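Report on the following structure.
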Amino acid sequence: MNLGNHLSILSKASSMDLVLEPYPHLVIENALDPALFAELEASFPDDALIVNERPVADTWFDYPACKVLNNRAISPLWQDFFRYHTSTAFFRELTRLAGPALLRLHPDLEARAGRPLDQFNVGMRPGGKENALAPGADVSMECQFYVNYTRQPRTVRGPHVDRPSELFAALLYFRQSNDDSIGADLDICEADQGLYDGHNSIRIATLPAEVDPSAVKTVRTARYAANTLVLFLNSSRSIHAVSPRSPTELTRRHVNFCCDVNFDLFQIRAPAQLALKRRLQSLPLGWRLAKYL
């Protein structure tokens with residue numbers, strides 16, 4: 001049992017909860033103290049605040065820590081929660097629990113960063129995903145409110161890997177009590193070896209990092225249930241998916257946690273046509289050509 005900060009999503013987790021295959025992950029039900037979770041749930045921001053005047057559509061919307069900590073409409077408890085989960089203290093707590101597994105997954109991590117894992121400089125993303133790296137930090141931490149609309153039947157997201165610079169990711173679910181929709185669970189997946197070109201490279205099927213569904217199988221499912229935590233260490237093996245969700249006016253709600261290093265931990269290899277499209281999209285006016293690929 002972790003005796004750290006009572007706000008921590010890891011307060012009930014131990015290294016024994018970490019499942020190493022097919023990649024290191026943990027699933028903790030009732031992750032936060034029930035009274036704390038109830039207080040957070042009662043003050044979870046309205047969808048409109050998280051959407052933040054963007055056109056509403058059947059997709060996801062996030063609201064990052066840099067905005068949370070500067071918005072007086074968000075409760076002090078939530079601000080403390082976000083402040084802790086973007087802090088050095090939380091990163092140290094995570095590495096005490098999962099550091100050995102992380103270094104087995106990425107043996108050159110400390111050498112590339114130039115210092116031991118327990119001495120990494122930690123910062124908060126200064127501008128959400130648009131400004132993802134904290135100046136002078138070895139790891140840039142993020143904590144975000146997330147809502148996902150599913151007013152039409154759809155797969156929230158199929159099998160994929162996260163960005164190669166991401167060190168870990170976690171989700172804490174805030175499913176609403178009157179949400180009777182089906183699905184929106186997180187699937188932990190395992191891929192055929194044919195997707196891999198060596199230890200640190202994975203072949204994708206479509207952009208941004210989608211994996212051929214026929215090449216993977218689900219080995220564990222974390223149910224979309226209130227106060228359930230899912231956390232995984234990121235690598236080319238960390239394929240996951242969100243199961244199809246039935247139509248509902250209620251959003252899928254969770255808090256997302258992640259952190260990035262200043263370099264890629266693995267490579268994503270796209271088919272030649274997709275690789276060219278990605279390259280064109282990065283060039284001035286290249287999108288005009290990319291749309292024809």
Please enumerate the residues belonging to the stretch 163-219 that are crowded, with 18+ Cβ neighbours inside 10 Å, in contact with a Cys (Cβ under 7 Å, 6 or more places away or on another chain) and farther than 25 Å from L94 by Cα. V216
If we ask which residues in the stretch 102-122 are open to solvent by less than 10 Å² (accessible area, probe 1.4 Å) and out of contact with any helix residue (DSSP H, G or I) (no Cβ under 8 Å at 6 or more places or on another chain), their number turns out to be 1
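What about T95, is it modelled with pLDDT of 95 or more, open to solvent by less than 30 Å² (accessible area, probe 1.4 Å) and more than 21 Å from L18 (Cβ to Cβ)?
Values: modelled with pLDDT of 95 or more: yes; open to solvent by less than 30 Å² (accessible area, probe 1.4 Å): yes; more than 21 Å from L18 (Cβ to Cβ): no.
When the stated conditions are applied, T95 does not pass them.
Every residue, every condition in (1) open to solvent by 10 Å² or more (accessible area, probe 1.4 Å); (2) among the β-branched types (V, I, T); (3) farther than 22 Å from L97 by Cα, yes or no:
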site	(1), (2), (3)
L7	yes, no, no
M16	yes, no, no
E21	yes, no, no
E29	yes, no, no
L32	no, no, no
A42	yes, no, yes
D46	yes, no, yes
L49	yes, no, yes
Report, by residue number, each residue of the stretch 97-123 that is among the basic types (K, R), part of a helix (DSSP H, G or I) and touching a residue at least 12 places away in the same chain (Cβ under 8 Å). R112
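Is there a residue being at pLDDT 95 or above, out of contact with any Ser or Thr (no Cβ under 9 Å at 6 or more places or on another chain) and open to solvent by 20 Å² or more (accessible area, probe 1.4 Å) anywhere in the stretch 221-230? Steps first, answer last, please.
The initial filter retains those residues of the stretch 221-230 that are at pLDDT 95 or above, namely 221-230.
From what's left, out of contact with any Ser or Thr (no Cβ under 9 Å at 6 or more places or on another chain): 223, 225, 227-230.
If we keep only those that are open to solvent by 20 Å² or more (accessible area, probe 1.4 Å) too, we end up with 223, 225.
Scanning the stretch 221-230 turns up at least one residue that is at pLDDT 95 or above, out of contact with any Ser or Thr (no Cβ under 9 Å at 6 or more places or on another chain) and open to solvent by 20 Å² or more (accessible area, probe 1.4 Å).
Quick grid of which residues meet (1) touching a Leu at 6+ places or on another chain (Cβ under 8 Å); (2) touching a residue at least 24 places away in the same chain (Cβ under 8 Å); (3) within 17 Å of V51 (Cβ to Cβ):
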position	(1), (2), (3)
P135	no, no, no
D138	no, yes, no
M141	no, yes, no
Q144	no, yes, yes
N148	no, yes, yes
R151	no, yes, yes
G158	no, yes, no
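So, in the stretch 123-138, of the ones that are open to solvent by 50 Å² or more (accessible area, probe 1.4 Å) and at pLDDT below 95, which residue ends up nearest to Y63 (Cα to Cα)? Please lay out each step first, then the result.
Restricting attention to the stretch 123-138, the residues satisfying the condition of being open to solvent by 50 Å² or more (accessible area, probe 1.4 Å) are 124, 126, 129-131, 133, 135-136.
Still in the list and also at pLDDT below 95: 126, 129-131, 133, 135-136.
On the way: P126: 13, K129: 10, E130: 12, N131: 13, L133: 17, P135: 21, G136: 24 Å.
It comes out as K129.
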Within the stretch 78-89, which residues are closer than 21 Å to E41 by Cα and either open to solvent by 10 Å² or more (accessible area, probe 1.4 Å) or part of a helix (DSSP H, G or I) (or both)? W78, Q79, D80, F81, F82, R83, Y84, T86
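The values are calculated or read from the model by the stated rules, or taken from the named source; none is laboratory data. Keep in mind it's a predicted model, so treat the numbers as computed, not measured. Here the Cβ is made from the backbone with ideal geometry for all residues, glycine too, and neighbour counts use every protein chain on show. We work out accessible area using only protein heavy atoms, side chains counted, and drop any ligands, DNA or RNA first. Shrake-Rupley method; radii C 1.70, N 1.55, O 1.52, S 1.80 Å.
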